[in-house]
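*Asks:* The structure is given below, and queries will be raised subsequently.
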Amino acid sequence: MPEIVLAAINARYLHPAFGLRCLLANLGPLRPRAALLEFDLQQRPVDMAERILALDPRIVGLGVYVWNATQAAELVALLKRIRPDLKVVLGGPEVSFEWEDQTIVRLADHVVPGEGDLAFRDLCARLLGEPGVRLPKILPRQTPRLEEVRLPYDEYSDEDLAHRMVYVEASRGCAFGCEFCLSALDRGVRRFDRAAFLAAMDRLLARGARHFKFVDRTFNLQPRESVAILDFFLERLRPGLFLHFEVVPDRLPDELKERLRRFPPGTLQLEVGVQTFHPEVAARIQRRQDYARLEANLRFLREETHAHLHADLIFGLPGETFESFGRGFDRLVALRPHEIQVGHLKRLRGAPISRHDAEWGMVWSPLPPYELLANRLLDFATVRRLARFARFWDLIGNSGQFRETLPWIWGDGSPFEAFLGLSDRLYARFGRHHAIALPRLMEAVFEDLVRHQGRDPDQVGPAMARDYLRPGRRDVPPFLQPWAPKGAGRPAAGVSAGPPRQRRHQLGAGGA
């Protein structure tokens, strides 16, 4: 029976706990005395507690993030109520700052703030080797030298590699100071030894890993390192390989562009952080970017590579008006990324964005994920309207299910204004923005286009029928039957690798 249990509450089964695997890999001689248990948000904390306590551990380590904070707090309360002697150790960004008012911290025995690779090992050694030792609740923050950190990739099981996204990191830290991000507190980038990292990637590939998500905050910050990693994967291209990188959009030197051109469809996804097109807002939150170069690079990526582009835009930033956000959204739509993630500004614990609270009247939810409720320029009703806009955009604009239908929504007008109106009407119709079956959603969009916007059904209908049937669906909803082409329901040809949403975008024409 393990004396140390590391417990993870993941968002979904697809996403394994990378941070806890780092802790496991660095336990040294304590590794054989430890085990990892993984749960997801669909499971009840009482069931998690039952599984953990069935192993009768002496120490439980728990990673706490903004998206699992509520479930984690309930789990810790249960564990300490049932086993008061159990040592509960917390780590993760949610408990690394502003812990004074957190119930979960009060209930736990110790908190390891920041990077815990080595600090957690040392704490466990003291707790197990010196029963009754008195140690501080909040341990001193450590920044380990990466050459002393053991890489965690052998902690992925064969089942992980076959069925889950594999998280990897070639570097830690960020060179930028964007105030909505916790990386603003730890400036500077440290890199793992390239040879050791690539050797570990080679072992993962040999074991069957195919989906790699790099968690580096700025993958392309140092082009020489980025090129070496891309060359490594280009030399090892194989069916099913899928790579995700987060890139700085205004930094794509020629040698990096040349590598990006060579990846085949369905292999590469790039997350491009734009966040705002308002220069004054960007300067206010300490985000530096060259907009002309950003736009040129996005056009290059869309037109000259097969990369799936996921661009980020945030509403609610201090000084961003409703109108300026709409103009920024339209500007991003014109650049045609495959997905636009419309983000709702959050005040993460410790993030410097809070320094604008007084001047800009920032009002935050007291509950995770601490989203903006209102500010001096956006009242509560407007923030809620934009949040619904974001959700319906994800269902329609990002999903790949409406590739030919999308341009009909705004025609020659403003994508933001047209889609905002559509999202208002969809919410009025359904009373929610979740749990809407695709045929019902498509029928609602069709009726809105024809009845509200006056579109010709004989133009919209065929486009929507092709959108619905393109992935190979064999049913035809009644409202689309007049326009279903012959051979409806046959699987489309030419689909490459990648997750389902990315494959749907490959099948589609044009871009969001």
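*Asks:* Taking the Cα atoms only, what angle lies between the long axis of helix 223-234 and the longest principal axis of the chain, rounded to 10 degrees?
*Replies:* 80 degrees
*Asks:* Roughly how many debye, to the nearest 20, is the charge dipole of the chain about its Cα centre, given +1 on each Lys and Arg Cβ, -1 on each Asp and Glu Cβ, and no other charges?
*Replies:* Working: 72 positive and 65 negative charges, 135 e Å.
Computed charge dipole of the chain: roughly 640 debye.
*Asks:* Looking at region 397-483, which trypsin sites (Lys or Arg not before Pro) are in a loop (DSSP not H, G, I, E or B) and have at most 12 other Cβ atoms within 10 Å?
*Replies:* Values: sites: Arg403, Arg425, Arg429, Arg432, Arg440, Arg451, Arg455, Arg466, Arg473, Arg474; in loops: Arg403, Arg432, Arg455, Arg473, Arg474.
When the trypsin sites (Lys or Arg not before Pro) of region 397-483 are filtered for loop state and at most 12 Cβ neighbours within 10 Å, Arg432, Arg474 remain.
*Asks:* Rounded to two decimals, what is the ratio between the C-alpha radius of gyration of the chain and 2.2 N^0.38 Å? Walk me through the numbers on the way to the answer.
*Replies:* Details: Rg = 24.3 Å, N = 512, 2.2 N^0.38 = 23.5 Å.
Taking the Cα Rg and dividing by 2.2 N^0.38 Å, one obtains 1.03.
*Asks:* Around Ile104, under 11 Å between beta carbons, what's the net of Lys plus Arg minus Asp minus Glu among the other residues?
*Replies:* On the way: positive: Lys80, Arg106; negative: Glu74, Glu94, Asp101.
Taking every Cβ under 11 Å from that of Ile104, the sum is -1.
*Asks:* How much length would be gained if the chain were fully extended between Ala292 and Arg238, taking 0.36 nm per residue of separation minus their Cα-Cα distance, in nm to one decimal?
*Replies:* Working: separation 54, 0.36 × 54 = 19.44 nm, distance 3.57 nm.
Gain in length upon complete extension: 15.9 nm.
*Asks:* Tell me what the chain gives for mean residue ellipticity at 222 nm when only DSSP H runs of n ≥ 4 count, each as -39,500 (n - 2.57), the sum divided by the residue total, rounded to 500 deg cm²/dmol. Present the calculation step by step, with values, prior to reporting the outcome.
*Replies:* Values: 19 runs with 192 residues, N = 512.
Calculated from helices alone, the mean residue ellipticity at 222 nm is -11000 deg cm²/dmol.
*Asks:* Further, regarding this structure: Testing the spin-label approximation: label points 7 Å from Cα along Cα→Cβ at Ala381 and Arg474. State their distance in nm.
*Replies:* Output for this residue pair reads 5.0 nm.
*Asks:* On alpha carbon coordinates alone, what is the Rg over Rh value for region 4-129, Rh being the Kirkwood radius?
*Replies:* Working: Rg = 13.1 Å, Rh = 14.3 Å.
Rounded to two decimals, Rg over Rh is 0.92.
*Asks:* Relative contact order of the chain: what whole-number percent is it, with Cα pairs under 8 angstrom and at least 6 residues apart?
*Replies:* 10 percent
*Asks:* While we're looking at this one, here's another question. Around Ala387, what is the net charge, scoring Lys/Arg as +1 and Asp/Glu as -1 over all other residues with Cβ under 14 Å from its Cβ?
*Replies:* Values: positive: Lys346, Arg384, Arg385, Arg388, Arg391, Arg432; negative: Glu371, Asp379, Asp394, Asp424.
Net local charge, Ala387 excluded: +2.
*Asks:* Against the longest alpha carbon principal axis of the chain, how many degrees, from 0 to 90 and to the nearest 10, is the axis of helix 415-430 turned?
*Replies:* Approximately 80 degrees, to the nearest 10.
*Asks:* Can you give the local net charge around Leu128? Use residues other than it whose beta-carbon is closer than 10 angstrom to its beta-carbon, Lys and Arg +1, Asp and Glu -1.
*Replies:* On the way: positive: Arg33, Arg58, Lys87, Arg126; negative: Glu3, Glu130.
Summing Lys and Arg as +1 and Asp and Glu as -1 gives +2.
*Asks:* Checking the cross-link filter: which lysines have an alpha carbon closer than 21 Å to that of Lys137, excluding same-chain neighbours under 8 positions apart?
*Replies:* Lys80, Lys87
*Asks:* Sort Leu313, Leu30 by Cβ crowding within 10 Å, fewest neighbours at the top. Numbers along the way, then the final one.
*Replies:* Numbers: Leu313 22, Leu30 19.
Sorted ascending by nearby Cβ count, the order is Leu30, Leu313.
*Asks:* Right, next: For helix 457-469, what angle does its Cα long axis make with the longest principal axis of the chain, in degrees from 0 to 90 and rounded to 10?
*Replies:* Compared with the principal axis, the helix lies near 30 degrees.
*Asks:* Starting from the amide H of Ala374, placed 1.01 Å from N in the peptide plane, find each other amide H under 5 Å away whose residue is 5 or more places distant or on another chain.
*Replies:* Here the answer is Val363, since their amide H atoms fall under 5 Å of that of Ala374.
Throughout, read-outs are computed from the coordinates displayed, never taken from laboratory work. From a predicted model like this one, the values you see are computed outputs, not experimental measurements. Neighbour counts are summed over all protein chains in view; Cβ atoms, including those assigned to glycine, are modelled from backbone coordinates with ideal geometry.
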